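Asks: Here it is, the structure, as structure tokens.
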């Protein structure tokens with residue numbers, strides 16, 4: 001992970017939503033997306049993380065990546081709480097359509113309906129999708 | 001607060017537009033850009049999903065991307081508005097935030 | 001209005017960088033301010049001065065460099081993504097600078113809108 005810069009920024013607090021839609025390992029977006037989330041938290045912004053569509057696969061338990069020779073970064077999701085990123089939401093429909101449940105996930109999350117996620121998106125100042 | 005959503009993938013390659021429509025609130029707008037403009041075509045296997053939300057969501061497509069793909073003479077979904085890059089900028093200004101469906 | 005632009009893909013393989021460029025140009029034309037253009041993921045490859053596309057096609061790297069020169073647009077390449085992909089200061093085209101992810105977050109904070117172009 002990148003070293004955090006000194007936060008000399010003394011500006012407003014905005015609502016940042018990071019939308020994760022992609023599975024891990026097949027592409028880099030999940031890993032590099034997570035780095036942005038951590039940096040944003042270091043800037044004391046109001047961060048929430050949303051997992052929809054294949055993004056729910058990012059937080060699946062029991063990832064073992066030795067065979068594909070890639071870094072298993074799923075433990076990093078557990079570090080989010082330490083960075084005050086506690087608003088972590090998963091879309092119910094995305095989870096269920098993939099045959100998953102909350103028990104499959106590596107961290108505690110709040111499960112929201114599509115309508116609730118919609119409302120949440122509408123309330124954001126900045127939305128970044130990886 | 002209403003969002004502008006952008007979709008840049010053809011509905012026949014990757015069904016991002018479906019995912020977007022599932023989460024786009026009434027009153028929001030969807031702008032089709034790049035390969036996403038194929039979703040603007042009328043009478044395809046993908047068009048019903050879009051026309052169902054006509055009236056509650058405003059649909060736009062980027063004109064230069066339509067022309068680039070030779071779709072100017074084709075019928076587009078009723079009610080969809082073409083914009084150029086300036087129009088794209090205006091939409092971003094008009095709506096409270098942008099959600100790019102990547 | 002102040003715009004932040006995020007470019008997630010490299011030149012040529014995806015249209016993302018072209019779309020971002022056209023959008024940025026249009027925004028400038030309408031009198032808007034560009035806080036910065038931030039290049040992440042493979043987007044860092046937009047800064048590679050060694051790009052040498054055929055002369056009858058656009059040179060995406062040069063388009064960005066020219067935009068920076070003409071309008072003072074800040075082009076920031078993420079250091080972590082750049083290091084992963086072998087982009088360093090020696091390879092940077094004119095107008096590009098390597099810096100941290102904080103620059104992206106800051107663009108989101110001080111800008112009125114952040115627009116992402118990617119895959």
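Every number in this text was worked out from the coordinates using simple rules, so none of it is lab data. Just so we're clear, the structure is a prediction, and the values are computed from it rather than from any experiment. Neighbour counts are summed over all protein chains in view; Cβ atoms, including those assigned to glycine, are modelled from backbone coordinates with ideal geometry.
Asks: To the nearest 0.05, what FRET efficiency results for residue A:115 and residue C:69 with a Förster distance of 41 Å applied to their C-beta separation?
Replies: Using R0 = 41 Å, I get an efficiency of 0.30.
Asks: Ok, one more. So, R0 is 41 Å and r is the distance between the beta-carbons of residue A:60 and residue C:94; what FRET efficiency does that work out to, to 0.05?
Replies: 0.40
Asks: Another one. Using a/c under 1.5 as the rounded threshold, could you call the range C:1-52 rounded, prolate or oblate? The axes a ≥ b ≥ c are square roots of the C-alpha gyration tensor eigenvalues, and prolate needs a/b larger than b/c, oblate otherwise.
Replies: prolate
Asks: Can you sort C:47, B:56, A:74, B:45 so the residue with the fewest Cβ neighbours within 10 Å comes first?
Replies: Ordered by Cβ neighbours within 10 Å, fewest first: B:45, B:56, A:74, C:47.
Asks: Considering every residue in B:85-97, what mean count of other chain Cβ atoms within 10 Å of its Cβ is obtained?
Replies: 6
Asks: Roughly how many whole Å is it from the C-alpha centroid of the range C:10-89 to that of the range B:44-101?
Replies: If we compute the Cα centre of each part, the gap is 25 Å.
Asks: If neighbour count is taken as other Cβ atoms inside 10 Å, put C:110, B:30, A:88 in order from fewest to most.
Replies: Fewest-to-most Cβ neighbours within 10 Å comes out as C:110, A:88, B:30.
Asks: Determine the relative contact order of chain C: mean sequence separation of Cα pairs under 8 Å and six or more apart, normalised by residue count, in whole percent.
Replies: 38
Asks: Considering Cα pairs under 8 angstrom that are at least six residues apart, work out the relative contact order of chain A and quote it in whole percent.
Replies: 33
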